[in-house]
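The values are calculated or read from the model by the stated rules, or taken from the named source; none is laboratory data. Predicted model only: the values in this text are computed from it and were never measured. Positions of Cβ are backbone-derived with ideal geometry, glycine not excepted, and every protein chain shown enters the neighbour counts.
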Amino acid sequence: MSTRARPVATRLTTHPLPTAAHSFPDGRRCPGQARRALRQQLRVWGVSGELADSAELLVSELVTNAVRAQASADAEVGVRFVWSGGRLRLEVWDASDELPVMKDAEEDEECGRGLVLVDALASCWGVDRDGTGKTVWAELLAGVAVGDASASCRTQVQAQAPAPAQAPAAPPQGA
């Protein structure tokens, strides 16, 4: 028997992981599959109400855009949900390099309003490119009414942007 002291084992507590990721190989079914995956994850995290409803609409719009952006109808789409500090981040990945464009849809058009909805509902949103495609993301803040966080988040994002490079000083005259 060893004379070395051993620490007392502590009971591990289980907390839901703050991140969930899924990939969906069938483009036509991706929006519905992503909504179901998000609803299930939000239940695990205990997120409900207006935040959950807005998140479901946002993920549906982002996934639909990702499916439409790809050339193949059965191209894979990935989603990632992150819940941290009262902030819900929704990420949608696809293999297309085509950047999303916000359009002014006419009254009788069936398409073209997705990013307008994203812009109206999300605290902030954006696009990150990598060598194999892009990730379009949107964030929602818990406890903030839809539309109220938009301006403050954009201000925060702009404040974090690097300052533009200053032009070099002009050389002294006569030099």
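For region 9-60, filtered to residues that are under 19 Å from Gly114 (Cβ atoms), over 18 Å from the mean Cα position of the chain (by Cα) and surrounded by 12 or more Cβ atoms within 10 Å (Cβ to Cβ), the residue that is modelled with the lowest pLDDT is Gly27.
Of everything in region 74-96 that is in contact with a Ser or Thr (Cβ under 9 Å, 6 or more places away or on another chain) and outside any strand (DSSP E or B), the residue that is nearest to Trp125 (Cα to Cα) is Ala95. Contact annotation: residue pairs with Cβ atoms under 6 Å, 6 or more positions apart or on different chains, pairing a residue in region 17-37 that is in contact (Cβ under 8 Å) with a residue 60 or more places away in the chain with a partner that is part of a helix (DSSP H, G or I), are Ala20/Gln41.
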